[in-house]
1. If Pro258 satisfies all but one of (1) outside any loop (DSSP other than H, G, I, E, B); (2) open to solvent by 30 Å² or more (accessible area, probe 1.4 Å); (3) within 30 Å of Ser52 (Cα to Cα), what's the number of the condition it fails?
2. So is Asn234 touching a Ser or Thr at 6+ places or on another chain (Cβ under 9 Å), touching a residue at least 24 places away in the same chain (Cβ under 8 Å) and farther than 21 Å from Leu108 by Cβ or not?
3. For region 1-70, which fully contained helices (runs of 4 or more DSSP H) count at least 2 residues that are under 18 Å from Glu107 (Cβ atoms) and out of contact with any Cys (no Cβ under 8 Å at 6 or more places or on another chain)?
4. Sort through Trp191, Trp198 and tell me the only one that's in a helix (DSSP H, G or I) and without any contact (Cβ under 8 Å) to a residue 12 or more places away in the chain.
5. Can you tell me how many residues in region 207-226 are buried (at least 22 other Cβ atoms within 10 Å of the Cβ) and among the basic types (Lys, Arg)?
6. For region 86-96, check the following and say yes or no: at least one residue is over 29 Å from Leu280 (Cα atoms) and not charged (D, E, K, R).
7. Of the residues Cys96, Cys100, Cys46, which is buried (at least 21 other Cβ atoms within 10 Å of the Cβ), over 28 Å from Val278 (Cβ atoms) and touching a residue at least 40 places away in the same chain (Cβ under 8 Å)?
8. From Gln250, Gln272, which residue is of a type outside the set (Asp, Glu), free of Cβ contacts under 8 Å to residues at least 12 places away in the same chain, open to solvent by 20 Å² or more (accessible area, probe 1.4 Å) and assigned to a loop (DSSP other than H, G, I, E, B)?
Amino acid sequence: MESIRKLIQVIATFLTNSYFLFPQTKNIYQGPLKIICSPGLNCYSCPASTTSCPIGAIQQLLLGVRFSFETGSYYFGSYVVGSIGLIGTLSGRITCAWLCPFGLIQELLYKIPFGKKRQIPYFFRYGKYFMLIVFVFLFPLLLTNDWGMGKPWFCKYVCPAGTLEAGIPMLLLQPDLRATLGILFYNKLFWMILFLGWSVVTSRPFCKTTCPLGAFYGILNKISFIKLELVEDNCTKCGACAKVCPMGIQFNEVAGSPECIMCMRCMNEACQFAAIQVTLGGFPLTANQRLPGKEKPLIPE
């Protein structure tokens with residue numbers, strides 16, 4: 001299953017970055033597919049990208065709200081909100097594990113045999129909710145210029161995926177842009193280097209601590225149509241699920257956690273008692289019978 005997941009990650013990355021004419025055009029794709037929001041974090045300004053970034057699209061919607069009201073134009077981005085809302089309610093945070101290009105990059109870096117692999121203190125994980133609420137929603141909406149226009153704060157000042165996928169490639173394609181480099185670029189370069197380096201020794205640090213899209217999808221994990229659920233009668237509380245979890249959670253203790261990206265490694269690689277199953281609208285898609293020779297030990301009352 002893990003090899004299938006990796007293959008799907010690679011295919012999804014190529015599908016959302018399939019504008020292969022960029023070496024000739026030396027610019028970003030702006031065709032009709034650009035109105036589609038990528039399910040994962042994938043920069044709009046990447047020269048190969050054929051889709052929009054959902055987080056960038058939300059910020060673009062919010063940064064113009066005050067200007068729209070002041071000019072008497074009332075628009076609501078129902079398409080943007082509806083797109084990621086539909087993805088979240090259908091599948092929760094499964095996008096992070098199966099479709100997100102930057103998630104794939106972090107996983108590949110973590111496989112590098114360098115240094116001691118480390119966990120992240122749990123309270124760091126609240127950082128992504130700060131990014132979602134403050135940088136994605138509040139700052140673009142409230143911090144505006146004299147014209148009532150805000151800025152895409154997360155994309156402009158933080159997003160390491162944007163620097164890796166768009167900033168650096170565009171500098172290579174258009175060398176004249178290098179003359180415009182300033183503190184803003186070097187700030188974003190710092191965040192990119194930090195998260196890429198951190199990914200070598202820690203599993204998915206950006207997903208755990210900073211990604212606002214992961215925070216949004218994670219909030220919907222408990223109500224999503226597709227879920228990983230615990231079969232309590234089969235669980236022995238052995239802790240094997242925690243040892244393979246890339247997000248560092250123990251599934252039997254936090255089933256439905258907003259941290260779970262539903263990579264299904266706990267179900268397919270660790271649990272030998274069929275205590276974890278995939279459900280679709282509450283109906284199990286996987287068998288939950290115990291495997292032969294792996295009967296649940298009797299626990300004295």
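1. Status for Pro258: all satisfied but (1).
2. No: the conditions fail for Asn234.
3. 2-16
4. Trp198
5. Going through region 207-226 one residue at a time, the tally reaches 1.
6. Among the residues of region 86-96, not one is over 29 Å from Leu280 (Cα atoms) and not charged (D, E, K, R), which makes the answer no.
7. Numbers: Cys96 fails: over 28 Å from Val278 (Cβ atoms); Cys100 fails: over 28 Å from Val278 (Cβ atoms).
Sole residue among the options that is buried (at least 21 other Cβ atoms within 10 Å of the Cβ), over 28 Å from Val278 (Cβ atoms) and touching a residue at least 40 places away in the same chain (Cβ under 8 Å): Cys46.
8. On inspection, the qualifying residue turns out to be Gln250.
The values are calculated or read from the model by the stated rules, or taken from the named source; none is laboratory data. Please read these numbers as outputs of a predicted model, since none were measured by experiment. Methodologically, a virtual Cβ is constructed for each residue, glycine included, from the backbone with ideal geometry; neighbour enumeration extends over all protein chains shown. These area figures cover heavy atoms from the full protein model, side chains too; ligands, DNA and RNA do not enter into them. Shrake-Rupley method; radii C 1.70, N 1.55, O 1.52, S 1.80 Å.
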